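K.L.:
Before we start, here is the structure in question, set down as structure tokens.
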Amino acid sequence: MLEDLDQDIRDHLERETLDNIERGMSPEAARHAAVRKFGNVMRIQEDARAVWTTVWLEQLLEDIRFGLRMLRKHPGFTIVAVLTLALGIGANSAMYSVVQGVVFAPLHYFQPDRLVMAWENNPRFPRVFVSYPNFLDWQHTSRSFQQMAAFMEQGVDLTAPGSPEHLKAKKISAGFFGTLGTGLSLGREFSPEVDRRGGAPVAIISNRLWRNRFNAGPGVLGESVTLDGVDYSIVGIAPSGFRLEDDADVYTPLGDGDPLVLNDRGAHDGIFSIARLASGVTISQSQAEMSAIQNRLDQLYPDANRDLGIYVQPLKEEVVGNVGGTLLLLLGAVGLVLLIACANVANLLLARSAARKREFAVRVALGANRIRLVRQLFTESLLLSFSGASLGLLTAILGVRLVFAAAPEILPRSENIGINSSVLLFTFGVSLAVGILFGLAPALKSSHADPQTALKEGSRGSTSAHHRTQSTLVIAQMALTLLLLVGAGLLLQTIRHLWSVNPGFDTQHIVTFKVGVSHSLMKTASSTKVAYQQLIERIRQIPGVQAADFTGLVPLTGQSGTMPFWINSQKPASLQGAPRVVMFLTGPDYLRAMGIPLLQGRFFTPQDTTRSPCVIVIDSVLAHNYFPHSDPLGQTLSAGFSPVGPCRIVGMVGHVKQWGLDDSNSNIQNQAYFPLYQDPDKWVMTNYPDTTIVLRTALETATLMPSIKAAVYGAGSDQPVFAVQTMQQIVADSMSSRRFPMILLEAFAVLALLLASVGIYGVISYSVTQRTNEIGIRVALGAKKRNILQLVVGQGLRMVLVGLAIGCVAALILTRLLSSFSHLLYGVSTNDPLTFVTISLALTMVAALACYLPARRASQIDPMVALRYE
Amino acid sequence: MSTREIGKRIELLQGTLDLLILQTLLLGPAHGHAIAKAIEFKSDDILQVEQGSLYPALHRLIKRRWISVEKGVSENNRRAKFYRLTPIGRRQLVIETSKWDKLAGAIARILQPASK
């Protein structure tokens, strides 16, 4: 049918013409009347064709073809626009993949929203590790949970099969994997029979360990691994990639652990407990039931449990931790970068649409459908944004790698981060929104072009309306750029201030590391002590080592070791409610190694052993709080849930920053030191292996390490040396919660500055071209180069200054409102004038430079050429 | 020609044009030009159909199989395409006519002054 349409129309027109001639018209008049009566042939053909095709698809394909042709015709424009969008969209996709991996994605367990973590708590701490006897009672009596499990994180030394290695391990209760709903790759998880004192030594190993040490052979069940000197029989393999909090290579039964900890209802020593809600039960219901259970326990066991409560939280909340707020903040910041990029592309499109006004006017005059035109313009915009997005995805892959480089350790669940389907969907949505956003203004403007006026005017077209829009966009870009620069600047100041904080000890020349002392040497408490003492002596003999000793806690590493304490035998009624002290278990040379000042009395000596009276050293804060008017030396202090003491206070030392360089008073500030060699024998096997060696040296770590390793292996060839860090690294890591957003925000701010500079350059450049005539006239009337420069740069600076003003106001408001940002700051207020002024000046100068280039071009305009320019 | 002038003609809804075409073909097959003339003539020139719009309408009717098309020779020995009502088209005409009558009647009643 359609093929004949042209012929049919021609036939029709012939007939009508003949009829008209018969009516008496002249042949030309007859033809003319026939054509007029028929109507718009093109439209008729379109309409007829439309009957037979899936209209919208045909038109869409045509739009796309047309759009591609247009983009190819203006390669410069297309490249700039696509690159700009690639940067903007790519950065957003990268950031989103981080946020969705860490914050949004559900946990990788069965029905993860039914999983909770149960903590104990007391008036001082909202979350306290669980005591094992309490956990067992919960397990027996709770009905809100269909299953409960407990676990502890630790390290073990694996000595067989293969070479010695220190591994991350978990001690888990029976039903641990069951609670999470995760099946094992091979074998079964622990049964209640093995999960108790004296249960058979069995272990579950990770997929990684199975591959590395057993070549992933199927006969691994029943093979053994030697951990901390004991052989364990393998009964299961954990699934590949499984982890909870830390990822572990070895799992052993919790119940077969140190009875001192497990039987002590008052011991809260690192045990986590997880649970799965019974069907139909909500978290608050479970919280209520558990609180009631805990109350009963408190009454049954007042000594251990008085003032002890319970806190149930969703497991995901615990795993994600505090980093969620910062990540969302960064997602917002990168969104601003995208807006700036869109503004650039919109300005480019506006400039081009002015040039295309004539084209549209002609098409409208020929009868084109306005809606169709708008749709075509949108198609062009979407083509741009989707091309930008595709390129942007490549950028995003790179970007994600950069994010990892910025702070690998502070991101939980980092295994989830990657370009997955959620990220692709997000990218698609963003490019759709972006395409519509920057396509809107030019499309509407173009379609409203009145054909008559457009055709009469020269190809320049009216510029005033476009100029207003372009200026507004530039102002917005400047404001947003300022916002990002201020944010980055404030964080930069924060990091600078943190580095200048004195932590109370030496940060240079100190190395810390751990040693897995051979378990053959640790059969008894005394043999252990001897082994450790010999080890540290060997290390002290190494040339270049100025001081070295053990410590149970290294400040600024995030380790926690607080316990209740009291002075002069005034034991409090409730240990849970008693004031806390951070207790450092150290050897005598620790003070010298760390460079902590001794303020009064003495520190430990090798003569302080379990055979001599116990001694304690306190810090200046504890002295100030508890001995404000008296001399602490000679008085006594006791500490701990299974108390040690009363011990005589023999010295006072300087306070150290334990919790962070920005340590605030919301944390426990009391500090005390107890001699490692006076630790009661029953604790030696638990506490000694947990120690870290602190070493002072003027040499580089790399130079010294081989000698250290030689000394350690000399004492026992199966003793791994691990967790080597310099104090500088520890200090830097302690800032990582701030360094991470700082690095990213700096990157975004630089990107924004780049885009905004290109933007203002483009707009001013375009304006100069449009005003060529006017500038020519000015020059002809006597304006000097200087005047023209002032004119053009002035135009640009006006926009910049308005943008800066708006940006400053926005920055002042937002940095205060966004608590997730203001909490990051240290040593600098949200309205730090130095930052604002410096950044405003810098931004103005960059913008002025960007305006200078087109201004120079303007000042060199030859009036004779300009006046002929149309 | 400006788009404004076209608007002055009474724009027929798509559906009504289809109806008029079907009615015209009730009297027998005709080619496109003849149908246009017939509609003008029968309505005493009130319905000045933009003649071209006939063609998309014819295509629509063919697609719905209410009319069929055959090649033939016209009165003055020119080749022409003749359109003819199909049985379905005939039935459809009855349905559409009654719908139109109902619609026209309803509008007429609304526009009448209220009877006492």
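K.L.:
Sort by residue number and name the cysteines in chain A that have no neighbouring cysteine Cβ under 4.7 Å.
P.N.:
By the Cβ distance rule, which asks for a partner under 4.7 Å, the isolated cysteines are A:C342, A:C808, A:C851.
K.L.:
Using +1 at the C-beta of Lys and Arg and -1 at the C-beta of Asp and Glu, which of A:V99, B:T86, A:Q607 has the Cα lying farthest in the positive direction of the dipole of the protein assembly as shown?
P.N.:
B:T86
K.L.:
Got a sec to turn the phi values of the stretch A:192-199 into Karplus ³J(HN,Hα) couplings, 6.51 cos²θ - 1.76 cosθ + 1.60 with θ = phi - 60°, whole Hz, x for Gly and Pro?
P.N.:
x, 5, 8, 7, 7, 4, x, x
K.L.:
Looking only at other chains, what is the average number of their beta-carbon atoms within 10 angstrom of each beta-carbon in B:31-40?
P.N.:
Average neighbour count from other chains, rounded to a whole number: 3.
K.L.:
Next up: From the residues A:G266, A:F151, A:V35, which one has its Cα farthest along the dipole of the protein assembly as shown in the positive direction, the dipole being from +1 and -1 charges on Cβ of Lys/Arg and Asp/Glu about the Cα centre?
P.N.:
The one lying farthest along the dipole's positive direction is A:V35.
K.L.:
Here is a follow-up. Neighbouring Cβ atoms within 10 Å as the yardstick, rank A:R10, A:R114 fewest first.
P.N.:
Final ranking by Cβ density, sparse to dense: A:R10, A:R114.
K.L.:
So, one more: For a Förster distance of 45 Å, can you work out the FRET efficiency between the beta-carbons of A:E245 and A:R648, rounded to the nearest 0.05?
P.N.:
The pair A:E245/A:R648 has a calculated efficiency of 0.65.
K.L.:
I would also like to ask the following. For every other residue with a beta carbon closer than 11 angstrom to the beta carbon of A:V617, add +1 if it is Lys or Arg and -1 if Asp or Glu, then tell me the sum.
P.N.:
Combined, the nearby Lys, Arg, Asp and Glu give 0.
K.L.:
When the distances between all Cα atoms of the stretch A:579-643 are binned every 5 Å from zero, what whole-number percent does each bin get?
P.N.:
All Cα pairs, binned at 5 Å, distribute as 3, 12, 25, 27, 21, 10, 1 percent.
K.L.:
Also, quick follow-up: Specify the inter-centroid distance of the stretch A:468-506 and the stretch A:592-615, based on alpha-carbon positions, in whole Å.
P.N.:
About 46 Å separates the Cα centre of the stretch A:468-506 from the one of the stretch A:592-615.
K.L.:
Please name which of A:G162, A:F214, A:L180 has its Cα lying farthest along the dipole of the stretch A:129-307 towards the positive end, using unit charges on Cβ (Lys, Arg +1; Asp, Glu -1) and the Cα centre as origin.
P.N.:
Positive-most Cα among the choices belongs to A:L180.
K.L.:
Can you quote the Å³ per residue value for the convex hull of the Cα atoms in chain A, rounded to an integer?
P.N.:
Numbers: hull volume 202.4 nm³, N = 870.
Measuring per residue, one finds 233 Å³ for the Cα hull of chain A.
K.L.:
Here is a further query. May I ask for the net charge around A:L473, where only other residues with Cβ less than 15 Å from the Cβ of A:L473 are counted and Lys, Arg are +1 while Asp, Glu are -1?
P.N.:
After counting each charged neighbour, the total is +4.
K.L.:
Moving on to the next point. For chain A, take the longest principal axis of its alpha carbons; what is the angle in degrees between that and the long axis of helix A:55-73, to the nearest 10 within 0 to 90?
P.N.:
It works out to around 90 degrees.
K.L.:
Could you give the distance between the Cα centres of the stretch A:233-250 and the stretch A:7-21, to the whole Å?
P.N.:
First find each Cα centre; the distance between them is then 86 Å.
K.L.:
Which of the lysines could a cross-linker span from A:K357 if the Cα-Cα distance has to be under 19 Å and same-chain partners fewer than 8 positions apart are dropped?
P.N.:
List returned: A:K73, A:K445, A:K456.
K.L.:
Quote the relative contact order of chain A in percent (integer), defining contacts as alpha-carbon pairs under 8 Å separated by 6+ residues.
P.N.:
Taking the mean separation of contacting Cα pairs over the length of chain A, I get 15 percent.
K.L.:
Here is a further query. So if R0 is 60 Å, what FRET efficiency would A:A355 and A:L834 give, r being the distance between their Cβ atoms, rounded to the nearest 0.05?
P.N.:
About 0.85, to the nearest 0.05.
K.L.:
Would you mind classifying the stretch A:129-307 by shape? Square roots of the alpha carbon gyration tensor eigenvalues, ordered a ≥ b ≥ c; an a/c under 1.5 is rounded, otherwise it is prolate if a/b is larger than b/c and oblate if not.
P.N.:
prolate
K.L.:
Taking 0.36 nm per residue of separation and subtracting the Cα-Cα distance, what length does fully extending A:S291 through A:D6 add?
P.N.:
The span from A:S291 to A:D6 would gain 94.0 nm if fully extended.
K.L.:
Taking Cα pairs under 8 Å and at least six residues apart, what relative contact order does the stretch A:129-307 come out at, in percent?
P.N.:
34
K.L.:
Something else: Using the basic label-point model (7 angstrom from Cα toward the beta carbon), what is the A:S560 to A:Q508 distance in nanometres?
P.N.:
Going by the 7 Å Cα→Cβ label model, 3.5 nm.
K.L.:
Where does helix A:833-859 land angle-wise versus the long Cα axis of chain A, in degrees 0 to 90, nearest 10?
P.N.:
30
K.L.:
Turning to a different aspect of this structure: Going by how many other Cβ atoms sit within 10 Å of their own, how do A:R540, A:R296 line up, fewest first?
P.N.:
So the ranking, lowest neighbour count to highest, is A:R296, A:R540.
K.L.:
How far apart, in nm, are the 7 Å Cα→Cβ label points at A:S500 and A:M42?
P.N.:
Label-label distance for A:S500 and A:M42, simple model: 7.1 nm.
K.L.:
I would also like to ask the following. Given an 8 Å cut-off on Cα distances and at least 6 residues of separation, report the relative contact order of the stretch A:568-693 as a percent.
P.N.:
Taking the mean separation of contacting Cα pairs over the length of the stretch A:568-693, I get 37 percent.
K.L.:
How many angstrom lie between the Cα centre of the stretch A:797-823 and the Cα centre of the stretch A:704-724?
P.N.:
Using only Cα atoms, the two centres lie 54 Å from each other.
K.L.:
Length gain on complete extension for the stretch A:L398 to A:L817, per 0.36 nm per residue less the alpha carbon to alpha carbon distance?
P.N.:
Contour length minus the Cα-Cα distance gives 147.6 nm.
K.L.:
Tell me what chain A gives for mean residue ellipticity at 222 nm when only DSSP H runs of n ≥ 4 count, each as -39,500 (n - 2.57), the sum divided by the residue total, rounded to 500 deg cm²/dmol. Walk me through the numbers before you get to the answer.
P.N.:
Numbers: 30 runs with 462 residues, N = 870.
Computed mean residue ellipticity for chain A: -17500 deg cm²/dmol.
K.L.:
Roughly how crowded by other chains is peptide A:35-47, in terms of the mean Cβ count from those chains within 10 Å of each of its Cβ atoms?
P.N.:
Mean shielding by partner chains, rounded to a whole number: 5.
K.L.:
Please average, across the residues of B:53-63, the number of beta carbons from any other chain that are within 10 Å of each residue's own beta carbon, and give a whole number.
P.N.:
Across the residues of B:53-63, the mean count of other-chain Cβ atoms within 10 Å is 6.
K.L.:
Let me ask something additional. Counting DSSP beta bridges in the protein assembly as shown, what percent are antiparallel, to the nearest 5?
P.N.:
Bridges in the protein assembly as shown are about 80 percent antiparallel.
K.L.:
Using unit Cβ charges (K, R positive; D, E negative) and no other charged atoms, how large, in debye to the nearest 20, is the dipole of the protein assembly as shown about its Cα centre?
P.N.:
Magnitude of the dipole: close to 4080 debye.
K.L.:
Using Cβ contacts closer than 10 Å as the measure, can you line up A:E537, A:E153 from fewest to most?
P.N.:
A:E537, A:E153
Bear in mind these aren't lab numbers, they're just calculated from the coordinates by the rules spelled out. Being a predicted model, the structure only gives us computed values, none of them experimental. Here the Cβ is made from the backbone with ideal geometry for all residues, glycine too, and neighbour counts use every protein chain on show.
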